[in-house]
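Before any comments, here is the structure.
The values are calculated or read from the model by the stated rules, or taken from the named source; none is laboratory data. Note that the structure is a prediction, hence the values are computed from the model and not measured. For neighbour counting, all protein chains shown are included, and Cβ atoms are generated from backbone atoms with ideal geometry for every residue, glycine included. These accessible areas exclude ligands, DNA and RNA; they are computed on the full protein's heavy atoms, side chains included. Shrake-Rupley method; radii C 1.70, N 1.55, O 1.52, S 1.80 Å.
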Amino acid sequence: MHIVRLFYIGTMALGGVALGLASLRWPVIHDGAVPPMMSLLMISLVMDLVIMNRAAAGKIEPLQMNERLIGFFASAILYFILRTGLA
């Protein structure tokens, strides 16, 4: 059941890359009313709700907190690397 962990972390990393590249194209994403880290938390919330729903149905195992932290920090680090490296 490690596929759920890899899917979550991979999706969060992809979200960080997408947000970093989008903030280079549209600066309002970086300087707007909603901070970029909150956008990453919203992506994490949607993913977590889907995973918790499937776990409650017994289809997959639920995520552990350390897996959530790894996914979030991976996306945040990728966002900051892209934002500072390419800006």
Practice item. Please verify whether region 48-61 includes one or more residues that are open to solvent by 100 Å² or more (accessible area, probe 1.4 Å) and of a type in the set (A, V, I, L, M, F, W, C). Key: no
Check your understanding: Do you know which residues across region 38-81 are farther than 16 Å from LEU6 by Cα, aliphatic (A, V, I, L, M) and touching a residue at least 40 places away in the same chain (Cβ under 8 Å)?
Key -> ALA76, ILE77, LEU78, ILE81
**Study point:** Members of region 20-46 that are under 15 Å from PHE72 (Cβ atoms) and either in contact with a Lys or Arg (Cβ under 9 Å, 6 or more places away or on another chain) or of a type in the set (Phe, Trp, Tyr) (or both)
**Key:** GLY20, PRO36, SER44
